[in-house]
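Structure record follows, encoded as structure tokens.
The values are calculated or read from the model by the stated rules, or taken from the named source; none is laboratory data. Because the structure is predicted, anything quoted here is derived from the model rather than measured. Virtual Cβ from ideal backbone geometry, glycine too; neighbours counted across all protein chains shown.
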């Protein structure tokens, strides 16, 4: 099994399932408020994606990307476990005491192809490109990690 991904999870504090505390907070906050909160760090998300896109790394060679992800997750308050399956990263955020969790994951590797775009964040690594979308997937999970660790979500664990 190739482990070149990051994982993220949210715990539920309830016996028998459900995400009542977290879901209730999200429902009270409302969809537009969530979008507005995330929009406040849109520029960061865009910067992260462009950086990852500009520095693509093949599977099991994603050391720079892995280091970036680990640094960001640590900054968001996650417990970080680097070097999983060589370059994988696991981040865990704990709040509450539930044993339940949900995992979110993203691949970080690129494809062995030459980038033929002229965007300012084009690949700086010859013969490598994030044409697969993993730069976006990694950024989305970092965005989730950036958004979720807050007091209003009472029980969270990123794995």
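Starting from residues that are free of Cβ contacts under 8 Å to residues at least 40 places away in the same chain and in contact with a strand residue (DSSP E or B) (Cβ under 6 Å, 6 or more places away or on another chain), keep the ones in the range 80-99 and report whichever is nearest to residue 148 (Cα to Cα).
So the residue we want is 80.
Given 97, 126, which one is farther than 23 Å from residue 37 by Cα, in a loop (DSSP other than H, G, I, E, B) and at pLDDT 95 or above? If you could, list the steps in order and put the result at the bottom.
Details: 97 fails: at pLDDT 95 or above.
After ruling out the rest, the residue left standing is 126.
Kindly indicate whether residue 152 is at pLDDT below 90, surrounded by fewer than 16 Cβ atoms within 10 Å (Cβ to Cβ), at negative phi and in a loop (DSSP other than H, G, I, E, B).
Details: at pLDDT below 90: yes; surrounded by fewer than 16 Cβ atoms within 10 Å (Cβ to Cβ): yes; at negative phi: yes; in a loop (DSSP other than H, G, I, E, B): yes.
Yes, satisfied.
So which residues in the range 79-93 are buried (at least 17 other Cβ atoms within 10 Å of the Cβ) and more than 13 Å from residue 69 (Cα to Cα), if there are any at all?
Keep residues of the range 79-93 that are buried (at least 17 other Cβ atoms within 10 Å of the Cβ), which gives 80, 82, 87-93.
Correct list: 93 only.
Tally time: how many residues in the range 100-123 are part of a loop (DSSP other than H, G, I, E, B) and under 20 Å from residue 144 (Cα atoms)?
Initial filter on the range 100-123 (part of a loop (DSSP other than H, G, I, E, B)): 100-103, 108-110, 112-123.
So of that shortlist, the ones also under 20 Å from residue 144 (Cα atoms) come out as 100-103, 108-109.
Residues that pass the stated criteria total 6.
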